[in-house]
Amino acid sequence: MMKAIRVTEFGEHDVMKVETNLTVPKPSGNQVLIKVSAAGVNPVDILIRSGNFFKLPVLPYTPGLDVSGVVEEVGSKVTKFKKGDRVFTLSTDTGGYGEYTLANSSLTGKLDDNLTFDQGAAIGVPYFTAYRSIVQHGKAQKGETILVHGASGGVGLACVQMAKARGLRVIGTAGTQAGLNVVSSVGADVVVNHRGDNYTQSIIEACDGSGPNLIIEMLANVNLEKDIKMAAPRARIVIVGCQGSGEINPVVMTKELTVQGIALFGVPAEDLEDMHAGIREGMSAGWLQPHIGHAYCLEDAPQAHNDIINTKGATGKIIIKM
Ligand code: NAP
């Protein structure tokens, strides 16, 4: 038997309840069964739990996409993994907030020995999103300046590390001094508070007046207009997070800007392989070092969901330890 969070109705964070007498699932086909060590909490988990995502699971369900742990058993078609392998996932079939989960082997990766299981729970969604944004769509080039607009959370810190490793000059923003310190500690060249007065001017000055060549945006409904104003001519603005509508203006034409959205769900198979390769390279080179902001126990999963949304001032990835 196993323990996991179960959700029987969509709603506020208190709809998540711990159940202790659940059956451990059996892997089939391409699935791997993972004994979970830690699970990452992503903002999309909250959208799903509250019933506000475009694709919702059948109730009851267990939340959680990113886990780290050890392979316990594999399905008949799995050749890449064996019992005992240390792994991480970027999605699960049966939910990550529990002692065991099933994941498709194509959405599972080997966890490098130089990373802890806590760090492993912070790889999937954050680093694969960073790779899709910076490399596959952002087409980052060595020597360019990148602005990570919202760098203190899971995706933002991954973007800072990935951009530094690829030879870019990195400007990262956060909303608190504690967040700025973390962004700085993972390698950003310049940090700016996105709650400060006239902070966009500081960013333009940090680019010698010319603006960033690439902007990774975590809150486009608030920031897109500012991004368009700050961007260098022919810059790319990649939208990762957006919680409402925003304005687009003619400067997009005069500067010949590219405004591109990205989505981790439904990535084509060949792009997924390229993402896995990029993440493997990051682990073996050592630049991929997830920074954990706060760890909760399984019983405190509702608190973790509350905090990721309502605490102003991210300082890294939020995880749940089994
Ligand atoms: P997170 O860990 O909760 O971090 C949120 C980040 O947004 C923090 O750095 C926060 O900074 C920043 N932020 C808050 N207000 C801001 C503002 N006014 N301007 C700029 N940044 C601001 O979340 P995450 O996992 O990094 O994800 C970030 C966003 O990307 C979320 O909206 C998430 O849903 C989205 N996302 C989308 C995809 C996709 O496929 N498109 C994939 C993953 C994530 P402070 O707390 O320091 O203010």
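The values are calculated or read from the model by the stated rules, or taken from the named source; none is laboratory data. The structure displayed is predicted, hence computed values, not measured ones. Cβ coordinates were reconstructed from backbone atoms using ideal geometry, including for glycine residues, and neighbour counts include every protein chain displayed. Note: areas computed on protein heavy atoms with side chains; ligands, DNA, RNA excluded. Shrake-Rupley method; radii C 1.70, N 1.55, O 1.52, S 1.80 Å.
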Residues meeting the amide H criterion for VAL24 (H placed from the backbone, H to H distance under 5 Å, 5 or more places apart or on another chain) are MET2
Would you please give the residues with an amide H less than 5 Å from that of CYS207, counting only those at least 5 places away or on a separate chain, with H modeled from the backbone geometry? none
Can you give me the C-alpha center-to-center distance between segment 249-295 and segment 133-153, rounded to a whole angstrom? 8 Å
Cα-Cα over 18 Å, subset of LYS142/LYS164; LYS83/LYS110; LYS82/LYS110: none
By accessible area (1.4 Å), largest first, ARG195, ARG236 order as ARG195, ARG236
As a check on your grasp of the helix formula, calculate [θ] at 222 nm for the chain: sum -39500 (n - 2.57) over DSSP H runs of n ≥ 4, divide by the residue count, round to the nearest 500. -8000 deg cm²/dmol
Figure the gain on full extension for LEU59 and ILE248 (residue separation times 0.36 nm, minus the Cα-Cα span) and round it to one decimal in nm. 64.2 nm
Expressed in square angstrom to the nearest 10, the accessible area of ASP271 with a 1.4 Å probe stands at 40 Å²
Put +1 on the Cβ of every Lys and Arg and -1 on every Asp and Glu Cβ in segment 1-66; which of VAL36, PRO25, ASN52 then has its Cα farthest towards the positive end of the dipole? PRO25
Quick check: net charge around ASN42, other residues with Cβ under 12 Å of its Cβ, Lys/Arg +1 and Asp/Glu -1? 0
Ranking request for peptides 173-180, 17-24: highest mean number of other beta-carbon atoms within 10 Å first, then the rest in descending order. 173-180, 17-24
I'd like to check one number: the per residue accessible area of segment 126-261, probe 1.4 Å, reported in Å² as a whole number. 41 Å²
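For the ranges 146-157, 202-213, 182-193, what's the packing order if you count other beta-carbon atoms within 10 Å of each residue, average per peptide, and put the highest first?
Packing proxy ranking, top to bottom: 146-157, 182-193, 202-213.
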If each of ASN310 and GLU19 carries a label point 7 Å out from its Cα toward its Cβ, how far apart are those two points in nm? 2.6 nm
Give the Debye-formula value of log10 I(q)/I(0) at each listed q (0.12 Å⁻¹), with one equal scatterer per alpha carbon of segment 126-261, two decimals each. -0.38
